[in-house]
Amino acid sequence: MECFMRRIGRGFSAAVCSWSFGYGGVHAACADVALVLAMDASGSISDAEFAIQKAGYVAALMDPVVQSAFDDAGVVDIASLFWADSAYGVQIVPWQRVTSRDDLAGFAARLAATPRRISGNTDIGVGILAATELFEEDGRCADRRVLDISGDGRANTMTGRSRGIALAPARKHALDRGVTINGLAIADKDGRLGEYYRTAVIGGVGSFVIEVDGLESFPAALRRKLHRELLALNEVVCPDAVGPDCRRY
């Protein structure tokens, strides 16, 4: 594990911890899609719920139909991060270029092996800014930049905390740099969370929200979400329809 201080916007800094396995180097050629998976690790997510959330991402990445979507999307760069309170910063699973299913399996294994080190407030802005910085690393480029963010609550920061990151400017910062932000709202604690994500979190070309009423339905919803994100520019994108090129999850 490597930890360091990273500037995450307008004079704010936070500790960032990354687990490097030799796969995070800068690539000379642009990817077709750069995808960041950003998971809520705030205090409203229990350790058991966090394990379900992370396992859902790992299972989705290993799903045959999602793997086929990676194949059809072309060259995909994928990274992941856990976000929560600005006092903790973020945890990063570094970039992996996916040109084969072995690459994807390796990334899923590294994600599964990453322990949770953060908690606290639901500071969505921290996650968005950290993801935007990942997209803007030196030498990294992609035709599409997609941020896949999941969470179970609205943005909140501790009153009087000087390092809180406001959601609205973080979101604008990402959108100004061509990032599409899609959301997966876990609405078991807030029945209107999906609406909040639509108005305050997502944005960019083709952005969308998938809403679930609990973590039990999270894995299936995530498979649909990844399929739709990866094939957003393809003619056939029908995760909720049955046909020769689609499967109902």
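Where a Cα-Cα gap under 25 Å defines reach, which lysines qualify for Lys189, not counting those fewer than 8 residues away within the same chain?
Leaving aside lysines fewer than 8 places away in the same chain, those within reach of Lys189 are Lys54, Lys225.
Sorted by mean Cβ packing within 10 Å, highest first, what order do the peptides 171-178, 66-73 take? Please report the intermediate quantities before stating the final value.
Numbers: 171-178: 16.5, 66-73: 18.9.
By packing density, highest mean first, the sequence is 66-73, 171-178.
Would you kindly derive the ³J(HN,Hα) couplings of region 40-56 from the backbone phi angles with the Karplus curve 6.51 cos²θ - 1.76 cosθ + 1.60 (θ = phi - 60°), listing them in order in whole Hz, with x for Gly and Pro?
Whole-Hz 3J(HN,Hα) from phi for region 40-56: 6, 10, 6, x, 6, 9, 5, 4, 5, 5, 4, 4, 5, 4, 5, 4, x.
Expressed in nm to one decimal, what extension gain is obtained for the pair Ser217 and Ala113 from 0.36 nm per residue of sequence separation less their Cα-Cα distance? Present the calculation step by step, with values, prior to reporting the outcome.
On the way: separation 104, 0.36 × 104 = 37.44 nm, distance 2.27 nm.
In short, 35.2 nm is gained.
Between Gly43 and residues 5 or more places away or on another chain, which pairs have amide H atoms under 5 Å apart, with H built 1.01 Å from N, and which residues are they?
Excluding prolines and chain starts, which carry no amide H, the hits are Gly120, Asn121.
For region 143-155, what does the Karplus curve 6.51 cos²θ - 1.76 cosθ + 1.60, with θ = phi - 60°, yield as ³J(HN,Hα) per residue in whole Hz, taken in order and with x for Gly and Pro?
5, 10, 10, 10, 9, 9, 10, 10, x, 10, x, 7, 4
Can you compute 3J(HN,Hα) from phi for each residue in region 121-126, using the Karplus curve 6.51 cos²θ - 1.76 cosθ + 1.60 with θ = phi - 60°, rounded to whole Hz and x for Gly and Pro?
Result, ordered by residue: 5, 8, 9, 4, x, 4 Hz.
Out of residues 5 or more away from Gly214 or on other chains, whose amide H comes under 5 Å of its own, with H placed 1.01 Å from N in the peptide plane?
Ala187, Asp188
Skipping prolines and chain starts, which residues have an amide H placed within reach, meaning under 5 Å, of the one on Arg144, given they are 5 or more residues away or on another chain?
Val33, Ala34
Calculate the FRET efficiency for Cys30 and Lys172 from the Cβ-Cβ distance with a Förster distance of 25 Å, rounded to the nearest 0.05. Could the numbers behind the result be given before it?
On the way: r = 25 Å, r/R0 = 0.98.
According to the calculation, E is roughly 0.55.
Name all residues of region 198-228 having a backbone nitrogen under 12 Å from the label point set 7 Å from the Cα of Val65 along its Cα→Cβ direction, giving them as ranges.
Output list for this probe position: 220-228.
The numbers here are math on the coordinates, done by the rules we state, and not lab data. Since we're looking at a predicted model, the values are computed, not measured. As a convention, Cβ positions derive from the backbone with ideal geometry for all residues, glycine included, and neighbour counts pool all protein chains shown.
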